[in-house]
Structures are given as structure tokens and as C-alpha cells.
Amino acid sequence: MTFSKNESLCKDELQAWQLKHLKETLLRVYHLVPFYKKKFDEHGVLPQDIKTLDDIAKLPFTKKHDLRDNYPFGMFSVDMDQIVRIHSSSGTTGKPTVVGYTEHDMDIWAEVMGRAFTMGGVTCQDIMQNSHGYGLFTGGLGFHNAAERMKIAVIPSSTGFTSRQLLLLKDFGATVLTATPSFALHMAEVAKAEGYDIQKDFKLRVGFFGAEPTSEGLKNEIAHIWGIDYHEIYGLSEIIGPGVACNCKHSNLLHIHEDHFYPEIIDPKTGEVLPEGTRGELVITTLTKQGLPIIRYRTGDITSLTRIPCRCGRTIGRIESIVGRSDDMLLINGVNVFPSQIEHVLSKQEGITLNYQIIADKKGYLDKLEIDVELDEHLISDDVSYLGNLKKELQHALLNNLYINVEVKLVAPKSLQRSEGKATRVVDKRAK
Ligand code: DLL
């Protein structure tokens with residue numbers, strides 16, 4: 001069952017829809033957003049030059065710094081009386097990026113989230129504990145608003161206050177959990193420490209997790225500990241927030257709602273559009289948004305796109321789970337390393353947990369990579385030779401997968417810092 005008919009249009013119908021809305025969006029931005037008029041003029045391209053979907057490659061990219069340069073509302077294409085919601089993403093440095101939604105944009109957001117909920121089999125019979133942070137971050141209110149519109153009973157527990165979250169989860173009997181994967185794992189850890197019987201005390205059957213890259217191993221672990229179906233949800237505030245893509249129960253690939261968000265995969269270095277199935281940076285053009293329409297936005301997220309039909313019957317394309325960010329990719333003595341590759345290796349090893357930190361540093365002129373990983377408290381052993389072997393095994397597996405030498409440090413259970421929102425896995429101590 002799908003939530004809207006646009007999820008399963010035939011190719012010609014979908015492309016006709018995309019082209020029509022692309023042309024409308026280009027006229028909108030060219031005439032209403034001075035930034036785009038200037039940029040298109042400098043690039044020597046006009047909205048009417050875009051006659052086919054492939055012509056999109058003629059258009060310039062939009063980058064995060066363009067939103068910052070036009071802070072706070074310079075990229076909006078409507079007057080403030082049309083805007084009903086403002087969010088902003090924290091970012092690490094400088095001004096935040098600000099995004100605005102009209103009533104129509106809120107409808108689109110609720111629609112794509114409704115599609116995700118339907119992929120997880122969620123209905124108005126369910127109770128959803130929303131443990132995403134509420135506030136300027138789009139996670140909390142994005143899930144909340146869509147759940148309410150679908151008449152799902154939503155518990156706005158927000159993130160943090162883990163003991164209280166667990167109490168609510170048990171007493172209110174939520175059947176659906178939404179959180180960042182790292183917080184879901186932390187909740188399970190605290191539940192065990194507080195003596196809950198996770199399978200018996202809670203009624204959860206499905207969860208929607210996203211906002212940070214997560215390996216298959218960690219996803220399986222969360223699904224297993226909580227005894228739930230794991231659905232991954234992807235999104236970014238510049239495009240809409242959570243709900244850009246989500247996986248159905250037939251596959252780990254995420255259906256991307258390309259009737260609203262036109263995807264391309266490009267080579268992050270050259271900007272050239274790559275063929276289907278090739279990994280590169282995801283670029284998205286919004287096709288239907290009014291408040292903040294955005295053209296060829298460089299997400300920085302590394303993935304691939306396929307249009308091989310899915311068994312569920314949806315015809316919209318699918319992206320693979322985000323491998324990492326182009327700016328998170330570590331270059332260690334010339335070798336590209338994504339944190340997700342490391343997590344993948346760790347997830348296959350017994351005796352440790354998936355609480356870890358990656359530290360890049362310099363030793364003389366060379367880069368060195370260290371991974372601090374917590375031991376599993378159930379398997380912990382004082383046996384020096386056991387720990388020595390475990391460390392060697394891990395170093396060997398990392399060398400085989402990453403093609404670089406990694407220093408592994410086995411640390412005590414629960415000694416690394418926990419996160420309530422997005423986990424910080426990488427510390428790069430090298431001078432930039
Ligand atoms: O993280 C929106 C969101 C909230 C998505 C809740 C899913 C769940 P931002 O704060 O703008 O928006 O951060 C966007 O987070 O470019 C990715 O790098 C990362 N990200 C989001 N979802 C995933 C995911 C929200 N499923 C940035 N896997 C994006 C990996 C993700 N990374």
C-alpha cells in the first residue's frame with residue numbers, strides 16, 4: 001500500500017511531472033530570488049534553456065555557504081506573510097542556515113513523512129514516541145506534525161532525560177519509536193542498566209531512525225535489541241527536513257520522493273553527473289516547494305541512486321544508505337576513509353560494542369588513525385592475552401578493509417561520551 005499515487009507513476013508520467021515542476025520552479029527562483037537571477041545570468045543560462053530533465057546539468061549548483069551568505073531570509077521566494085514555520089540547522093561554524101516553509105510546503109512535508117510512516121505500516125492505531133530533539137532542528141517537529149496529521153498519537157518526549165523516556169515508553173506503551181540511532185542505542189543501554197526487560201516491558205514494533213550515518217551492523221543491533229522493524233529515514237533541513245527518503249520493508253535502499261526532490265549523483269571533485277549505480281555526492285533540486293525552493297543543492301552526502309524496480313511496487317528511485325559526507329571523509333596518508341567503513345568492521349567483531357571514537361592525528365609528517373572502542377561488558381575479560389588477541393584481530397580486520405594501519409585502543413564499557421542528538425564519531429586533531 002502506498003500513501004500517494006505519485007509514488008508509483010510510470011516512468012513517462014513521473015518525468016513529465018518532474019519537467020513541468022522543474023520549469024515552474026526555475027521561473028519562480030529566477031524572478032523572485034535575486035541570488036538565483038544573478039547566478040543564472042553569470043552562468044549564461046535562463047529558465048527557458050531547460051527543455052529536458054537532462055538539461056538540469058546546465059544549471060549552477062547551490063551550496064550551504066550560499067544560504068549563509070544570504071542569511072537569514074535572502075533565499076526565500078515568498079514574503080514573510082506566507083511563511084508559517086522557520087527552522088535552522090546548527091552547523092559547526094559561522095551563521096546557521098535558515099529555512100522557511102509556507103502552508104503548502106508543510107503539506108508536502110507531511111505528505112512525504114506520511115509516505116515513510118506507511119512504509120513502516122504505521123496507522124492511526126499506533127502511539128509514536130518522538131525522541132528527536134524539538135526546536136530549530138527539523139527532527140522533532142517534522143515527525144510530530146506529520147504524525148498528528150495522520151492522527152497518530154504522538155508523545156513529544158524530545159531527546160535526553162533517558163530514564164524519563166523509558167518510563168514513558170513503558171507506561172504509555174508506544175508502538176513506534178523515532179530517534180537518532182545513537183540515542184536509540186543509548187536508550188537500550190540505560191534500559192538494561194535500570195533493570196527493564198526490553199522485550200517484555202515495551203510494546204515497540206517499529207522505529208524510524210536517521211540524521212546520522214549508520215552502518216548495517218548498528219542498524220541490525222538496534223532492531224535486535226528493541227525487537228523492532230528498523231526503518232531508515234533521510235533528510236536535510238535545506239530540502240525539507242526528515243522525509244526526503246525512507247526504506248520500505250522490502251529493501252535496505254531508501255525510496256527518494258523524486259516527484260518533490262529531483263536527485264542527481266555527481267562527482268564531488270569535478271561536478272560531473274555520474275551514471276545510475278555509481279557512488280558520488282547527492283545533489284537535490286526541489287520541484288514543488290515555495291518558501292525555499294533550491295536548485296541543484298549539494299548535500300555533501302555520499303550515496304548512489306538506482307531506478308531498478310522495487311518489489312513493493314513503488315517506481316520512485318532509491319538511494320543507498322548514506323556512506324558518509326564528502327566533508328567527513330578522512331584522508332589518511334592519501335587513502336580515503338569513511339567512518340561508516342570503520343563501523344562496519346567493528347560491527348562484525350565480538351567482544352566490543354559500537355560505542356567508539358575515531359581520532360585522526362599526526363605522527364611526524366605522517367597521518368595516524370586511532371580508534372577507541374568500548375569493550376562489551378558481558379564479554380569483558382581481564383585475561384591479558386584475550387585482550388591482546390582481540391586488539392590484533394581488530395587491527396588486522398581494519399587493515400584488510402581500509403588498507404591502512406589503525407591503532408586500536410580497547411576502553412572500559414560506558415567510558416566514552418554518549419550523545420542525545422547526532423553522535424560525534426570523528427575527532428580530527430590534524431592542523432587544517
Ligand atoms: O538531520 C533531518 C533529519 C532528522 C533526518 C531526523 C532524519 C531524521 P539536518 O540537521 O539539516 O537535517 O542534517 C542533515 O544529516 O545532510 C546528512 O549528512 C545527515 N543525515 C540525515 N539523515 C541521514 C541518514 C536532519 N539517514 C544531514 N543517514 C544530512 C545518514 C543522514 N546521514
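The values are calculated or read from the model by the stated rules, or taken from the named source; none is laboratory data. Here the structure is a predicted model, which is why all the values come from computation and not from measurement. Quick reminder, even Gly has a Cβ in these numbers, built from the backbone with ideal geometry, and neighbours come from all protein chains shown. Remember, those area values only see protein heavy atoms, side chains included, never the ligands or the DNA or RNA. Shrake-Rupley method; radii C 1.70, N 1.55, O 1.52, S 1.80 Å.
One table, with the values for the structure above:
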{"read-out": "Acute angle (nearest 10 degrees) that the helix 34-43 long axis makes with the longest principal axis of the chain, alpha-carbon atoms", "value": "80"}
{"read-out": "Lysines whose Cα lies under 22 Å from that of Lys200, excluding same-chain neighbours fewer than 8 positions away", "value": "Lys170, Lys192, Lys219"}
{"read-out": "Cβ-derived FRET efficiency at R0 60 Å, Tyr386 paired with Thr278, nearest 0.05", "value": "0.90"}
{"read-out": "Relative contact order (percent, whole number), the range 312-432, Cα cutoff 8 Å, 6+ residue spacing", "value": "27"}
{"read-out": "Solvent accessible area, Å² - Ser4, 1.4 Å probe, full protein context", "value": "20"}
{"read-out": "Amide H within-cut-off set for Thr62, under 5 Å, with H built and near neighbours excluded", "value": "Tyr297, Arg298"}
{"read-out": "Of all accessible heavy-atom area on the range 1-111, the percent that carbon and sulfur account for (1.4 Å)", "value": "55"}
{"read-out": "Kirkwood Rh in Å, taken over all unlike Cα pairs in the range 12-132", "value": "17.1"}
{"read-out": "38 Å tail of the calculated P(r), the chain, as % of Cα pairs", "value": "24"}
{"read-out": "The chain - mean residue ellipticity at 222 nm from DSSP helices (-39,500 (n - 2.57) per run, n ≥ 4, rounded to 500)", "value": "-9500 deg cm²/dmol"}
{"read-out": "Solvent-accessible surface (1.4 angstrom probe) belonging to Thr52, in square angstrom, nearest 10", "value": "60"}
{"read-out": "Cα long-axis angle, helix 162-172 against the chain (0 to 90 degrees, to the nearest 10)", "value": "70"}
{"read-out": "Cα long-axis angle, helix 181-193 against the chain (0 to 90 degrees, to the nearest 10)", "value": "30"}
{"read-out": "Mean projected area (nm²) of the alpha-carbon convex hull when the range 330-428 is viewed from all directions", "value": "6.6"}
{"read-out": "Å² per residue, accessible surface of the range 330-428 at 1.4 Å", "value": "56"}
{"read-out": "Peptide ranges 407-420, 27-40, 249-262 listed from the most packed, as the mean C-beta count within 10 angstrom indicates", "value": "249-262, 27-40, 407-420"}
{"read-out": "Efficiency of FRET between Arg307 and Arg149 - r from beta-carbon atoms, R0 22 angstrom, step 0.05", "value": "0.15"}
{"read-out": "Accessible area per residue, Å², the range 1-326 with all protein chains present, probe 1.4 Å", "value": "41"}
{"read-out": "Residues whose placed amide H lies under 5 Å from that of Val426, excluding near-sequence neighbours", "value": "Ile358"}
{"read-out": "Gain in span if fully extended, Gln125 to Lys95, counting 0.36 nm per residue against the direct Cα distance", "value": "6.6 nm"}
{"read-out": "Amide H contacts under 5 Å for Asn247, placed H, 5+ residues apart", "value": "Glu232, His255"}
{"read-out": "Label point at Ser8 placed 7 Å out along Cα→Cβ; residues across the range 238-252 whose backbone nitrogen lies under 19 Å", "value": "246-252"}
{"read-out": "Glu238, Glu276, ranked by accessible area, largest first (probe 1.4 Å)", "value": "Glu276, Glu238"}
{"read-out": "Sequence-separation-based contact order of the range 1-158, relative, with Cα cut under 8 Å and 6+ spacing, percent", "value": "18"}
{"read-out": "Theoretical FRET efficiency, 1/(1+(r/R0)^6), r = Cβ-Cβ of Glu42 and Tyr71, R0 22 Å, to 0.05", "value": "0.60"}
{"read-out": "By average C-beta atoms within 10 angstrom, highest first, the peptides 126-138, 359-371", "value": "126-138, 359-371"}
{"read-out": "Entries in Lys348/Lys414; Lys362/Lys391; Lys64/Lys348; Lys38/Lys289 that, when Cα-Cα distance is taken, lie over 30 Å", "value": "Lys64/Lys348"}
{"read-out": "Solvent-accessible area, 1.4 Å probe, carbon plus sulfur percent, for the range 120-225", "value": "58"}
{"read-out": "Stokes-Einstein D in µm²/s, Kirkwood radius over Cα pairs - the range 133-230 at 37 °C with 0.692 mPa s viscosity", "value": "239"}
{"read-out": "Potential lengthening between Lys192 and His378 on full extension [0.36 nm per residue; Cα-Cα distance subtracted]", "value": "65.8 nm"}
{"read-out": "Anchor Lys37: aspartates and glutamates whose Cα lies under 17 Å away (excluding residues fewer than 8 positions away in-chain)", "value": "Glu24, Asp49, Asp66, Asp69"}
{"read-out": "Percent RCO, i.e. relative contact order, over the range 1-326, from Cα pairs under 8 Å lying at least 6 residues apart", "value": "18"}
